[in-house]
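Contents: one structure, followed by commentary.
The values are calculated or read from the model by the stated rules, or taken from the named source; none is laboratory data. Values in this document were obtained by computation on a predicted structure and should not be read as measured data. All Cβ positions, glycine included, derive from the backbone under ideal geometry; neighbour counts span all protein chains shown. Ligands, DNA and RNA are stripped out before the accessible areas are found, and what is left, the full protein with its side chains, is counted by its heavy atoms. Shrake-Rupley method; radii C 1.70, N 1.55, O 1.52, S 1.80 Å.
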Amino acid sequence: MAAVVASAALVMTGCGAQEAPSASASAESAESVGAESAGPASATPSHVASPSGVSPSVASPSASAAVVTPAVDGVTPVCGAGSLKVTARQAAVRPAGTGTGAAIVEFTNTSAKACVLEGHPTVAGAGNGSPEKSAPLTVKPTGSASPVTLAPKGKAWVKLTFVQVQGEADGFCESGAEPVVFPTIVVGLPGAGRHQVALDDGRFAECDNTVTVTAVSAVQPS
């Protein structure tokens, strides 16, 4: 009986010794698998937040847009040529003579938005009423120029004073030059285009191809 018990104990001891390596091997295998799994993950760079805490790919477009987009609020544009209606009439106050003497040129803002006019006009006589045959006149500016804002349907003016034709019929120029008659003239303003205009009554008759001009004004001249 004692021999049988000792034999059984030896068998149990042998089985335990055989099972222990298997458990150890399993633990080593698990550690190996864990190391292999952790290896690739640690090799991949992790995302590094920018100092602001925002991804650079998100922050950059906004910063770029803020730099390249100019602020335009509060800026009133110059009146475009297509937004102006231009007319002309004889001035009430003009040099004595039989020519045009002086004319008032009126600019009306026909657009739905406010715009600005500024400066002294250029003036040319349109030969036979054709602007492509314009004859530029020598312009003598008077007064200082400042911006004039025109609300929709708002108006501004310039006055043109010519060297007056004297006498009757075809008249004459005191300088000895021949008087010139233009059915229309071409008036230009900085940034606002050039406009062909006729008098509401009569033609532009002048001497010496010279005209004195005022700057654009919000006050209607006489």
Item to check | Number of the exception - LYS159 against (1) under 18 Å from ALA198 (Cβ atoms); (2) open to solvent by 60 Å² or more (accessible area, probe 1.4 Å); (3) of a type in the set (Lys, Arg); (4) at pLDDT 95 or above | outcome: (2)
Next on the checklist: GLU206 - would you say it is crowded, with 19+ Cβ neighbours inside 10 Å and more than 29 Å from the chain's Cα centre (by Cα)?
Outcome noted: yes
Next on the checklist: Kindly evaluate ALA88 against the criterion of being touching a Leu at 6+ places or on another chain (Cβ under 6 Å), surrounded by 13 or more Cβ atoms within 10 Å (Cβ to Cβ) and of a type in the set (Gly, Ala, Ser).
Outcome noted: yes
Checklist outcome for this item: Conditions (1) closer than 26 Å to VAL78 by Cα; (2) of a type outside the set (Phe, Trp, Tyr); (3) at pLDDT below 95 -> LEU137 fails only (3)
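Here is a yes/no grid of residues against (1) in contact (Cβ under 8 Å) with a residue 60 or more places away in the chain; (2) at positive phi; (3) open to solvent by 60 Å² or more (accessible area, probe 1.4 Å); (4) aromatic (Phe, Trp, Tyr):
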{"site": "LEU117", "(1), (2), (3), (4)": "yes, no, no, no"}
{"site": "THR122", "(1), (2), (3), (4)": "yes, no, yes, no"}
{"site": "PRO141", "(1), (2), (3), (4)": "yes, no, yes, no"}
{"site": "LYS153", "(1), (2), (3), (4)": "no, yes, yes, no"}
{"site": "VAL180", "(1), (2), (3), (4)": "no, no, no, no"}
{"site": "VAL186", "(1), (2), (3), (4)": "yes, no, no, no"}
Item to check | Extreme residue, farthest from the chain's Cα centre (by Cα), among residues of the stretch 124-139 that are open to solvent by 20 Å² or more (accessible area, probe 1.4 Å) and aliphatic (A, V, I, L, M) | outcome: ALA135
Checklist entry - Which condition number in (1) in contact with a strand residue (DSSP E or B) (Cβ under 8 Å, 6 or more places away or on another chain); (2) open to solvent by 60 Å² or more (accessible area, probe 1.4 Å); (3) in contact (Cβ under 8 Å) with a residue 60 or more places away in the chain; (4) of a type outside the set (Lys, Arg) is the one that THR110 fails? => result (3)
